[in-house]
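Undergrad: Below you'll find the structure I mean.
Coordinate-derived values only; no laboratory data. Since the model is a prediction, treat every value here as computed from it, not as a measurement. We place every Cβ from the backbone using ideal geometry, glycine too, and count neighbours over all the protein chains shown.
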Amino acid sequence: MERYGHILRSYDIKPSYTRLLIYQYLKEHKNHPTADEIYQSIQQNIPTLSKTTVYNTLHLFIKKHLATMIMMDETETRYDLITKPHAHFKCMSCSKIYDVAVDVEQFSVEGLSDYVVNDAQLLYRGICPKCQA
Ligand SMILES: [Zn+2]
Ligand SMILES: [Zn+2]
């Protein structure tokens, strides 16, 4: 936990107990959770936790560039820590989200030079190897 406190501080985030637990969840699960999944899990440690606190904490992490939001569709938002650039693959059968490596150097995009880019996401959808078997 103390190790995580240092990380949060390095992003200019005061490491409260709730923030540490939410960070720890993202760090250790790497499962691209919804805010609800985080809430369900952390609530076991902090029974007084509100969903608003979870949302506010996630939005703070995003503002400080510690985490990112992945829009799966209009109704589903998931969260991920910002690590090295990677794409996501969503299995339409088991709903699991996999990280896929992307070579950013090889990835060429045209027509963006006049835009200020804050975030970029690459999402694949299909059937994972496990579900194909
Ligand atoms: Zn699957
Ligand atoms: Zn990811």
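Undergrad: Could you grab the pairs with beta carbons closer than 8 Å, sequence gap of 6+ or different chains, first residue in region 97-113 and in contact (Cβ under 8 Å) with a residue 40 or more places away in the chain and under 21 Å from M71 (Cα atoms), second one part of a loop (DSSP other than H, G, I, E, B) and not hydroxyl-bearing (S, T, Y)?
TA: Cβ pairs passing all conditions: I97/N31; I97/H32; D99/K30.
Undergrad: Further question on the same structure: Is region 80-90 home to any residue that is touching a residue at least 12 places away in the same chain (Cβ under 8 Å), under 19 Å from L21 (Cβ atoms) and assigned to a strand (DSSP E or B)?
TA: Checking region 80-90: at least one residue is touching a residue at least 12 places away in the same chain (Cβ under 8 Å), under 19 Å from L21 (Cβ atoms) and assigned to a strand (DSSP E or B).
Undergrad: Do we find that L60 is among the aliphatic types (A, V, I, L, M), more than 16 Å from ligand 2 (Cβ to nearest atom) and without any contact (Cβ under 8 Å) to a residue 24 or more places away in the chain in this structure?
TA: no
Undergrad: Right, here's the next one. Could you please find all residues in region 1-26 being surrounded by 11 or more Cβ atoms within 10 Å (Cβ to Cβ) and among the hydroxyl-bearing types (S, T, Y)?
TA: Within region 1-26, Y4, Y11, S16, Y17, T18, Y23, Y25 qualify.
Undergrad: Right, something else. Only residues that are among the charged types (D, E, K, R) and touching a Ser or Thr at 6+ places or on another chain (Cβ under 7 Å): list them for region 77-117, please.
TA: Of everything in region 77-117, those that are among the charged types (D, E, K, R) and touching a Ser or Thr at 6+ places or on another chain (Cβ under 7 Å) turn out to be R78, D80.
Undergrad: Check whether at least one residue in region 98-115 is surrounded by 16 or more Cβ atoms within 10 Å (Cβ to Cβ), under 17 Å from N31 (Cβ atoms) and of a type in the set (A, V, I, L, M), and report yes or no.
TA: Checked region 98-115: no residue is surrounded by 16 or more Cβ atoms within 10 Å (Cβ to Cβ), under 17 Å from N31 (Cβ atoms) and of a type in the set (A, V, I, L, M).
Undergrad: Still on this structure, I have one more. For region 91-126, give me each residue that is within 16 Å of ligand 1 (Cβ to nearest atom), of a type in the set (G, A, S) and outside any strand (DSSP E or B).
TA: S93, S95
Undergrad: Identify, from the list H32, H88, H59, the residue that is surrounded by 12 or more Cβ atoms within 10 Å (Cβ to Cβ) and either away from ligand 1 (no atom under 16 Å from the Cβ) or among the β-branched types (V, I, T) (or both).
TA: H59
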